[in-house]
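Q: Dropping the structure in here first, questions after.
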Ligand code: C2E
Ligand code: CA
Ligand code: CA
Ligand code: CA
């Protein structure tokens with residue numbers, strides 16, 4: 001039987017059973033994840049294909065819940081976005097990522113650059129510039145060493161995106177368009193943006209040596225980047241064949257399991273310190 005609320009509305013909506021309850025539970029857990037120290041970052045190297053040199057790392061958030069275990073970002077990021085928790089989470093991630101750059105430095109490893117993902121909702125409050133400025137000041141990280149990754153949907157779905165992007169650019173941080181080619185940003189828009197990097201989405205890299213369409217798209221993005229004077233990095237590079245293809249077509253920057261999975265800070269230090 002359905003219980004009726006004060007106004008006669010059903011408050012046990014049918015979707016509250018099963019998946020809805022699980023979602024609500026997850027939401028409750030997620031809200032407390034930061035204070036319970038369940039959130040941490042892994043870092044995935046970005047390399048120069050030619051030399052294998054480390055050119056940067058991408059910070060990727062991880063959530064380890066005592067009962068649920070590791071919850072994949074694909075599950076909790078959308079939830080965090082829906083509930084607005086992404087603002088708190090995003091701020092935590094940015095602070096931690098910048099702090100880690102300083103820690104590596106102190107341990108003798110200079111990581112040239114750190115890339116941090118931003119969600120569209122982090123632009124809603126209009127204070128993203130202040131947040132970034134504040135965190136750089138607190139951690140002492142030079143703005144030139146921070147790259148912010150936004151998807152095309154951030155650019156297309158944020159009112160006044162250009163103003164925010166310009167504000168971030170003025171701080172001295174660089175900007176990358178993540179998952180490039182999967183959204184639908186107009187190229188005219190891209191031209192106005194002070195963006196430095198395009199990241200070719202993994203979906204185009206996956207079958208690059210067998211699918212002629214993916215091949216054509218990857219080449220087109222590399223060419224576009226070149227002609228607009230942007231650096232281009234390929235994500236999800238898993239095989240030598242893919243790397244060779246990219247190199248042959250003028251893309252010398254890559255990120256993917258071929259080089260390293262996302263790893264804990266100490267592991268990065270061990271593997272790349274020399
Ligand atoms: P993304 O930004 O496109 O990140 C790249 C994803 O691809 C990561 O998944 C990474 O582990 C995975 N990956 C990297 N190389 C390879 C490869 O060679 N093969 C395959 N199969 N996968 C590869 P992850 O860490 O599960 O993150 C998934 C998504 O969650 C990210 O996609 C990003 O959209 C979001 N995300 C992660 N951390 C954050 C964060 O701190 N803030 C926000 N807003 N989003 C985040
Ligand atoms: Ca990313
Ligand atoms: Ca990406
Ligand atoms: Ca992606």
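Q: Can you find a residue in segment 155-167 that is assigned to a loop (DSSP other than H, G, I, E, B) and either closer than 15 Å to residue 59 by Cα or touching a residue at least 60 places away in the same chain (Cβ under 8 Å) (or both)?
A: Among the residues of segment 155-167, not one is assigned to a loop (DSSP other than H, G, I, E, B) and either closer than 15 Å to residue 59 by Cα or touching a residue at least 60 places away in the same chain (Cβ under 8 Å) (or both), which makes the answer no.
Q: Please identify the pairs in which a residue from segment 121-134 that is farther than 15 Å from residue 165 by Cβ has its Cβ atom under 8 Å from the Cβ atom of a residue that is surrounded by 19 or more Cβ atoms within 10 Å (Cβ to Cβ), counting only partners at least 6 apart or on another chain.
A: As it stands, the answer is 121/86; 121/87; 125/87, since those pairs meet every condition given.
Q: Moving to a separate point now. If the requirement is being within 23 Å of residue 123 (Cα to Cα), surrounded by fewer than 19 Cβ atoms within 10 Å (Cβ to Cβ) and more than 16 Å from ligand 4 (Cβ to nearest atom), which of these qualifies: 216, 188, 220?
A: On inspection, the qualifying residue turns out to be 188.
Q: Just to be sure before I move on: is residue 93 farther than 11 Å from residue 30 by Cβ, in contact with a strand residue (DSSP E or B) (Cβ under 9 Å, 6 or more places away or on another chain), assigned to a helix (DSSP H, G or I) and in contact (Cβ under 8 Å) with a residue 12 or more places away in the chain in the structure I sent?
A: yes
Q: Looking at this structure, is residue 100 at pLDDT 95 or above, surrounded by fewer than 16 Cβ atoms within 10 Å (Cβ to Cβ) and in a helix (DSSP H, G or I)?
A: no
Q: Next up: Could you check segment 175-194 and list, in sequence order, the residues that are closer than 16 Å to residue 232 by Cα and within 16 Å of ligand 1 (Cβ to nearest atom)?
A: 175, 176, 177, 178, 179, 180, 181, 182
Q: Please pick out the residue among 107, 142, 115, 170 that is within 16 Å of ligand 4 (Cβ to nearest atom) and at pLDDT 95 or above.
A: When all the criteria are applied, what remains is 115.
The values are calculated or read from the model by the stated rules, or taken from the named source; none is laboratory data. Note that this is a predicted model, so its numbers are computed, not measured. Please note: Cβ atoms are built from the backbone with ideal geometry, for glycine as well, and neighbour counts cover all protein chains shown.
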